[in-house]
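Before any comments, here is the structure.
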Amino acid sequence: MEKTLNWREFIITRAIKASGYSAIVFVALIFFFLLREGIPALVEVPLSTLFGVRWYPIEEYFGILPLVTGSLIVTIGAAMIAVPFGIGTAVFISEIAPRWLREVIKPLVELLGGLPSVVLGFLGILVLSPFLRQFLNLPTGLTAFTGSLLLGGIAVPTIVSIAEDALDSVPHSYREGAWALGATRWQTIWRVTLPAAKSGVLTAIMLGVGRAIGETMAVMMVTGNAPVLAIHPGSLFAPARTMTATIAAEMGEVANGSAHYHVLFFIGMILFIISLIVNVAASSVVFRARKRAERVLS
Amino acid sequence: MDKIVVENLSLQYSDGTESLRGVSLSIRAHAITVLFGPAGGGKSTLLRCLNRLNDLAEVKTVTGQILLDGENILDPKIDTIALRRKVGIVFARPVVLPMSIRQNLTYGLELAGEKRRSRLDEAVERSLRLAAVWDEVKARLDDPAIALSGGQQQRVCLARALALQPEVILLDEPTSGLDPISTGKVEAALQELKKEYTVILVPHSVQQAGRTADYAAFFLQGELVEYGDGKTIFTAPKEKKTEDYITGRFG
Amino acid sequence: MKRIFFLNRHLTERLGFGLLTLMALLTVIPIVGVVVYIFVQGAPAVSFEFISGFPRDGMRAGGILPAIIGTLYLTIGTAVFSVPLGVAAAIYLAEYASDTGLTRLIRSAIINLAGIPSVVYGLFGLGLFVLFLKFGTSILAASLTLSIMTLPVIISTAEEALRAVPQAFRTVSISLGATRWQTIRRIVLKEALPGILTGIILGLERAAGETAPILFTGAAFFLPRLPGSPFDATMALPYHLFVISTQVPEMPVQVQYGTALVLLFFVLGMNLIATAIRSRARAKRQW
């Protein structure tokens, strides 16, 4: 019974293995390209300007701080909305809602996650922004806050689905133990179930926030696109501009190879690194939680 | 008359557990050889070595030889596909493939290249008869196999292994989930099968070992403790450990 | 004293549950509201002429056929590149890879790809496909960019679908003389297919709705003709909606809503198909 080489199987197996490695190749490729086109910005633009407070490309002012603070304020605002609503809805779905309601709400939240952000931005311009302008008596409805509201809506599905999964995987015996000791369902949720799902919930929040930072179209359409340094609380209700919106708005008009071009790539690089950090942090949370669980069980 | 000869077989898994230690054993053809002993003894591991199914597990080192008709099947140059057609296996839980009964049985043959409808149909009937389940399923061969009862499914799994007309049949606790009637049917089928095939069985109880064995080997923690004739080993074992296990003093 | 304490706890629970229910409703009702509102406002604009005609009068009248066709082309283009690669990678992870450092690196790469902002993909696409490889602003460049973006979704859902197939099937298949690939092709892939298909459709649905990756890689504002080759630029629904709602003065609101409605149909339609496949498969499953 001598073994013979099956050529077809060999080629297919090789192709499959190569496809497996492709993800690494793409990440490296993206990083390399961003670096290649972004690093020149550090050379072409004096650092004091690059990290300065004026973003006015027409006059060669490439200070990215207003953009960074713009992203920050919109994202923080979004997080303050999305985290309570997201976790709250996740807890509702997983712990409180009856079976039939769960089957209704889950697909609806999934639906929200599938809505193209340009559609949300569009509604933001036509409906949300005029409403906020009237309701809050603002000079314009295109503000960071409007962006935060939309971003919150975009981040909520991510938070809900991951957090709900995490809550679902808490063994039922935990809850039963708490009830046997006389705790109400409410107390059980906050003192037993949620802490047990801590790492998953934390991951959900991080990935949701990560999604918010990276969002482009919706924020571009409703935040007013004013690259103003957003450092006081009032800035929330004034126009702002995020890093993502800047790239989207200005990339179409730059000359290939110009300083402006390189700075936009530089901003892209920063966004890439931010998402990398968020993902590494989220993975390490999961990793450490798993290590802790292994220690407890062994 | 020795179908399989195991020579000094030792096996270690990658997590460090030593599953088999210097096992040497001869398996007679056209007989039922029973490998029995408490859990962790290495019986299932030995079984899976006999058709190289252990290649799928995380095995670190394997030393020794296993000769099937004189050829060492642990040799890396061996065609494991052909080996597995020669040495069939039935597992502890009935695992029917997610297809019809007929397709379950023809799966192995189609892989081997058999396309002729007549040959396939003939193999289906032949194997189902051998497994003592033909009468129960002949009217619904194209129904999903999952619709059968546990006992029927397990006999279909036996038929599935027989469809390839192997020379050796390995059975790893085949009746562990089955009711006594189904168990009886399987054991009766084995008695018929041993006339044509070599049967190696890991029983799920000492009683089953006693009922079915022509030859029996007692395994304890990876080592072969005693091997002997089926009649004598259960009534007058030579080793103390064997006797202690059979009489229920440990297990 | 005890009784008050008892009441207090249950009161807290009632209030707490009420609050969470309110939150869930506040999350869910706007979703329904959004869809209904767009439908109500946009349906009057969607006529046969709307979906089969070309834009007139600077986008303010006529139809949006080129945008619809463009989105179709982009979706197909994305599928062509991302599906084979993504499914193959998923097969690798589920069936061949062992738990080594390299495998963990691959998995973290996939997670990272999933987290990259869509506009950064647009930049990358511009840098690599449009400029470096000189494909120009084209369906090809945009599809390639969208493919890389869609890859993580396809890989993770496909891998999950493959892993859901019971391990016992593989063992049985091998014991009957099958090779690894034969086992995958005849049993694992076949049983995982509905799950994989669902993942593919969900991934493509996202790609169809994205604007930022195609902004500088393939989208054009107005083209007099439908694209004739992969090297042509194209109009696309999401980009079209973006432009008419932000950059066309005196744009009739109803046309805007109509465009949004068509895009929603496209995306939600795919969602429905994916869900239908998923439930049908679950019912027919033989394990």
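The values are calculated or read from the model by the stated rules, or taken from the named source; none is laboratory data. Please read these numbers as outputs of a predicted model, since none were measured by experiment. FYI the Cβ positions are ideal-geometry reconstructions off the backbone, even for glycines, and counts take in every protein chain you see.
Structural remarks
- Residue within region C:153-168 that is under 22 Å from residue C:194 (Cβ atoms), facing chain A (nearest Cβ under 8 Å), in contact (Cβ under 8 Å) with a residue 12 or more places away in the chain and part of a helix (DSSP H, G or I) present: yes
- In region C:246-287, the residues that are under 22 Å from residue C:205 (Cα atoms) and within 14 Å of chain B (Cβ to nearest Cβ): C:281, C:282
- Looking only at residues of region C:93-142 that are among the polar types (S, T, N, Q) and within 7 Å of another protein chain (Cβ to nearest Cβ), we find that the one that is farthest from the chain's Cα centre (by Cα) is C:108.
- Verdict on residue C:211 being modelled with pLDDT of 90 or more and in contact with a Phe, Trp or Tyr (Cβ under 9 Å, 6 or more places away or on another chain): yes
- First in region C:190-203 and within 12 Å of chain B (Cβ to nearest Cβ), second anywhere and crowded, with 19+ Cβ neighbours inside 10 Å and in a helix (DSSP H, G or I), Cβ under 6 Å, 6 or more apart: C:192/C:161; C:192/C:162
- Cβ-Cβ under 7 Å pairs, at least 6 apart or on other chains, region C:64-77 side among the aromatic types (Phe, Trp, Tyr), far side part of a loop (DSSP other than H, G, I, E, B): C:73/C:227
- When residues in region B:92-120 are screened for being more than 20 Å from residue C:184 (Cβ to Cβ) and either of a type in the set (Val, Ile, Thr) or out of contact with any Gly (no Cβ under 8 Å at 6 or more places or on another chain) (or both), 11 of them pass.
- Inter-residue pairs, beta-carbon under 8 Å, first farther than 16 Å from residue C:177 by Cα and in region B:112-123, second part of a loop (DSSP other than H, G, I, E, B), 6+ apart: B:120/B:114; B:123/B:114; B:123/B:163; B:123/B:165
- Residues located in region B:45-63, provided they are among the charged types (D, E, K, R) and closer than 15 Å to residue C:172 by Cα: B:48, B:52, B:55
- Residues that are polar (S, T, N, Q) and more than 8 Å from chain A (Cβ to nearest Cβ), drawn from region C:14-50: C:41, C:47
- Restricting the first member to region B:128-149 and to residues that are closer than 24 Å to residue B:193 by Cβ, and the second to residues that are surrounded by fewer than 20 Cβ atoms within 10 Å (Cβ to Cβ) and hydroxyl-bearing (Ser, Thr, Tyr), the beta-carbon pairs closer than 8 Å and six or more apart or on different chains are B:141/B:100; B:145/B:100.
- Meets criteria (more than 24 Å from residue B:100 (Cβ to Cβ), of a type in the set (Gly, Ala, Ser) and either within 14 Å of chain C (Cβ to nearest Cβ) or in contact (Cβ under 8 Å) with a residue 40 or more places away in the chain (or both)) for residue B:161: no
- In region B:22-34, the count of residues that are under 14 Å from the mean Cα position of the chain (by Cα), in contact (Cβ under 8 Å) with a residue 12 or more places away in the chain, in a loop (DSSP other than H, G, I, E, B) and surrounded by 21 or more Cβ atoms within 10 Å (Cβ to Cβ) is zero.
- None of A:152, A:147 is crowded, with 23+ Cβ neighbours inside 10 Å, closer than 30 Å to residue C:14 by Cβ, more than 9 Å from chain C (Cβ to nearest Cβ) and not β-branched (Val, Ile, Thr) except A:152.
- Being among the small types (Gly, Ala, Ser), facing chain A (nearest Cβ under 9 Å), buried (at least 21 other Cβ atoms within 10 Å of the Cβ) and in contact with a helix residue (DSSP H, G or I) (Cβ under 7 Å, 6 or more places away or on another chain) is a property that holds for residue C:90.
- Considering region C:235-287, the residues that are in a loop (DSSP other than H, G, I, E, B) and among the charged types (D, E, K, R) include one that is surrounded by the fewest Cβ atoms within 10 Å (Cβ to Cβ), namely C:250.
- Annotation note: Cβ proximity below 6 Å between a residue of region A:103-121 that is closer than 16 Å to residue C:246 by Cα and a residue that is outside any helix (DSSP H, G or I) and among the hydroxyl-bearing types (Ser, Thr, Tyr) (sequence gap 6+ or interchain) occurs for A:118/C:211.
- Elements of type helices (runs of 4 or more DSSP H) contained in region A:170-278, each with 1 or more residues being crowded, with 24+ Cβ neighbours inside 10 Å and at the interface with chain C (Cβ under 10 Å from one of its Cβ atoms): A:198-214, A:217-222, A:243-250
- Flag if residue C:183 is within 13 Å of chain A (Cβ to nearest Cβ), among the polar types (S, T, N, Q), closer than 30 Å to residue B:85 by Cα and assigned to a helix (DSSP H, G or I): yes
- Selection within region A:96-108 - more than 7 Å from chain C (Cβ to nearest Cβ), of a type in the set (A, V, I, L, M) and in a helix (DSSP H, G or I): A:101, A:104
- Taking the numbered list (1) of a type outside the set (Gly, Ala, Ser); (2) farther than 16 Å from residue C:17 by Cα; (3) at pLDDT 90 or above in turn, residue A:106 passes all entries but (3).
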